[in-house]
Amino acid sequence: MSKRRPSPDPDRRKFLKGATLAGAAAATLPVPATAQVVAPRANLKAAAPGPIQTALETSPPEKDPQTQTTSGGDFMVDVFKTLDIDYLAMNCASSFRGLHEAVVNYGKNIKPEILTCAHEEIAVAMGHGYAKMEGKPLAMICHGVVGLQHATMAMYNAWCDRVPVYVIGGTIIEANKRGTTPEWVHAAVDIAAGVRDYTKWDDQPISLQHFAESAVRAYKIATTPPMGPVMLSLDAELQENPINDSEKLHIPKLSKVVPPQADSGAIAEVAKLLVNAEAPLIVVDRMARTPAGMERLVELAEVLQCAVMDRFGRTNFPSRHPLNQTFRRNAVVPQADVILAIEMNDHWAALNAFSDRIVRSSRPLHKPTAKIISLGLRDMYLKANYQDFGRFSDIDMSIAGDGEASLPPLTEAVKKLIDGGRKSTYEARGKRYAAARLAMLEQAKSDATVGWDSTPITVARMCAEVYAQIKDEDWSLVGNTINNMWPLRLWNIDKAHRWNGGSGGSGVGYNAPASLGAALANKRHGRLTVTFNGDGDLMFVPSTLWTAAHHRIPLLYIVQNNRAYHQEYMYLQAMANRHGRGIENAHVGTTITDPNVDYATVARGFGVYGEGPITDPKDLAPALRRAIAVVKGGEPALIDVVTDPR
Ligand SMILES: Cc1ncc(C[n+]2csc(CCOP(=O)(O)OP(=O)(O)O)c2C)c(N)n1
Ligand SMILES: [Mg+2]
């Protein structure tokens, strides 16, 4: 329903007036009535925060804003409330002080509630992890040019992952309204220019009505598959000035786009190919947009009794399902005669083997005769500059349609074509996959015992110790575990919220804040959230821990501390080997030692429960027990586990 603005809250406006007056009174320097007084930089630094500084810096404009009873920011808050935006993550800044004040006073800090972050990258990545768990975006706001520059890599990760984050940047559009040097160096003609290549849509509204329409449009575009980050550049004057034409303002309705199903003729053709295939294979990447995606894929796979291979863009298929052949890629891809690839980011990577350890080389894993079908919206939307789309690959049939939405009609079409004779063939096929998967699982369990009692602790042991203590809870593993496949190999990922997929852009510094964002989403569902994070990742964004403590977000944070940027360490070794120069120097620039970082102390410094470094595997279970008790009590806890590099 569209809404008109409610009348302003007079109490809050009295507060505003009082606060400003109090600030002005507290300043001892007399402020001339009309002249623009610019305090020397050093004085500004030394001055107390808040209104006193403002009073030093500028005199009140002619029409005294202290009598104002509304602000554009109030209206913006009304718009955000209609969009059901729960949180506004930020590092505070003057270019959005108008909206900030409106959120906390006019909006009562509810929907959105402010999340205080020490870095804009943290704010965006929290939004990334949150959206992947909650299924809707949160908003973040940053300071014009400089805040956005800090936000960029996290925006890029969200873009590559096609995850919605609602980014807002404060700016002062009119040059004659910019005063001191900081206001100039933080302004740009077009602040969003720097992120436009990896932002789905952006706008810079110049009136409140323009804002309302663009704010709703931004939300709609961000959440329409393929999703992505969007950005609004918000003029400070528009936020701060009174509303002149309140009765004319209108908040448009948000009508969410129903994602398109694939063409019915194409679905019929695919159904026929799948039903007639000897070894059909389904490959999925970002298929499951909602928890329904997993159920739908299970139904199709079971009807066909075919192999399913998950590329982990989303939690698409239960890890322990007998048809899950994810870790048997080298067996199932070469066997397949029909491959249905759904919502793939990178087809080529899924179906080809690639090595770059010595020289870059690759070979197709699939048969040249295999019929490859692509279903998804990937081809419908991409941009040119950033190369997140992978190599162009041989595809026999490309079908445009939302993967999750297209599964039910496809399954129905398949069911109609299956006769009794086929059913028994399919059952036999399914049994073979089930047996192969079990053998794979046994192998993984046995692999996990290698070095069980060794110090440093093996990654497999660390994961097993954690799982033993959480498996009977409503647990949720969050963050990118791509460098640690043990949970994906061994844990029972049977529901969508058990894991929330990778980072998309592989930009390090994602894991810690994205895990926290996912934990925030999980908090209201009462789930026990756990994350394994590289030491290198945490070194980018350690202050994420402060936000966790400040907002009391329960999260069991395990530092997988191999005291290195180990992936890169291995690359350096490979390069050295290529030249036959020995690997003695491979630690230079790749290790995080001398001094070793004491992450438990770091955590405690940020107000988070911390234990470690744990080097003896026997000490791990008791430490985990204590930390889990803290997390169950509603607080974050960190355990620093010194692991071997594997
Ligand atoms: C922003 C950014 N900088 C550098 C890299 C290159 N890189 C890829 S993995 C990695 C190591 C990350 O270290 P850590 O989180 O400790 O994981 P480990 O490899 O040790 O398991 C680095 C530096 C990157 N992907 N992103
Ligand atoms: Mg590391």
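A few points about this structure:
- For the range 524-539 versus the range 378-422, the spacing of their alpha-carbon centroids is 33 Å.
- Summarising the label geometry, the points placed 7 Å from Cα in the beta-carbon direction at I358 and S398 lie 3.6 nm from one another.
- Additional length obtainable on full extension of the chain from D472 to E237, 0.36 nm per residue less Cα span: 79.3 nm
- A 1.4 Å probe over all protein chains sorts E247, E302, E240 by accessible area into E247, E302, E240, starting with the largest.
- Projecting the Cα atoms of Y130, S95, G72 onto the dipole axis of the range 63-130, where Lys and Arg carry +1 and Asp and Glu carry -1 at the beta carbon, places G72 farthest toward the positive end.
- Residues T67 and Y571, FRET efficiency given R0 of 41 Å [Cβ-Cβ distance, rounded to 0.05]: 0.05
- Counted by Cβ distance under 15 Å from K371, the other residues give a net charge of -3, where Lys and Arg count +1 and Asp and Glu count -1.
- Rounded to whole numbers, the Karplus 3J(HN,Hα) couplings from phi for the range 520-525 are 4, 5, 5, 3, 6, 9 Hz, using 6.51 cos²θ - 1.76 cosθ + 1.60 with θ = phi - 60°, and x at Gly and Pro.
- Measuring between their Cα centroids, the range 572-638 and the range 240-308 lie 39 Å from each other.
- Solvent exposure ordering (accessible area, 1.4 Å, most first) of K248, K495: K248, K495
- Prolate/oblate/rounded call for the chain, Cα gyration tensor, a/c under 1.5 rounded: prolate
- Long-range HN-HN contacts of W499 with modeled amide H, under 5 Å: L477
- With the simple model of a label 7 Å out from the Cα in the direction of the Cβ, R581 to V257 spans 5.0 nm.
- Between the range 453-486 and the range 66-116, the alpha-carbon centres lie 40 Å apart.
- Compared with the direct C-alpha span, the chain from W452 to R196 gains 87.3 nm at full extension, assuming 0.36 nm per residue.
- The calculated 222 nm mean residue ellipticity attributable to helices in the chain amounts to -12000 deg cm²/dmol, summing -39500 (n - 2.57) over DSSP H runs of n ≥ 4 and dividing by all residues.
- Computed accessible area, I173, all protein chains, 1.4 angstrom probe, square angstrom: 50
- Taking amide hydrogens as placed 1.01 Å from N in the peptide plane, the amide H of D202 sits under 5 Å from those of M231, each at least 5 positions away in sequence or on another chain.
- The calculated FRET efficiency for D245 paired with K383, based on their beta-carbon distance and R0 = 41 Å, is about 0.65.
- Ordered by solvent-accessible area of protein heavy atoms (1.4 Å probe), largest first, the residues W452, W491 come out as W452, W491.
- Report note on the peptides 133-143, 426-436: ranked by the mean count of other C-beta atoms within 10 Å, highest first, their order is 133-143, 426-436.
- Above-threshold pairs, the threshold being 31 Å between Cα atoms, out of K81/K177; K136/K423; K132/K383; K253/K471; K108/K136: K136/K423; K253/K471
- Annotation: amide H-H contacts under 5 Å for A307 (H modelled 1.01 Å from N, sequence separation of 5 or more, or interchain): I282.
- Using a Förster distance of 51 Å, the FRET efficiency for A439-C92 (Cβ separation, nearest 0.05): 0.35
- For peptides 119-131, 410-422, 503-515, sequence by mean Cβ density within 10 Å, most packed first: 119-131, 503-515, 410-422
- Label-to-label distance, E302 versus K495, with points set 7 angstrom from Cα along the beta-carbon direction: 1.8 nm.
- Gain in span if fully extended, K108 to K415, counting 0.36 nm per residue against the direct Cα distance: 105.2 nm
- Highest mean packing first, where packing is the average number of other Cβ atoms within 10 Å per residue, the peptides 588-595, 220-227 line up as 220-227, 588-595.
The values are calculated or read from the model by the stated rules, or taken from the named source; none is laboratory data. It should be emphasised that the depicted structure is a prediction, and the values quoted were computed from it without experimental measurement. Note that each Cβ is placed from the backbone with ideal geometry, even for glycine, and that neighbours are counted across all protein chains shown. Calculation scope for accessible area: heavy atoms of the full protein, side chains included, ligands and nucleic acids excluded. Shrake-Rupley method; radii C 1.70, N 1.55, O 1.52, S 1.80 Å.
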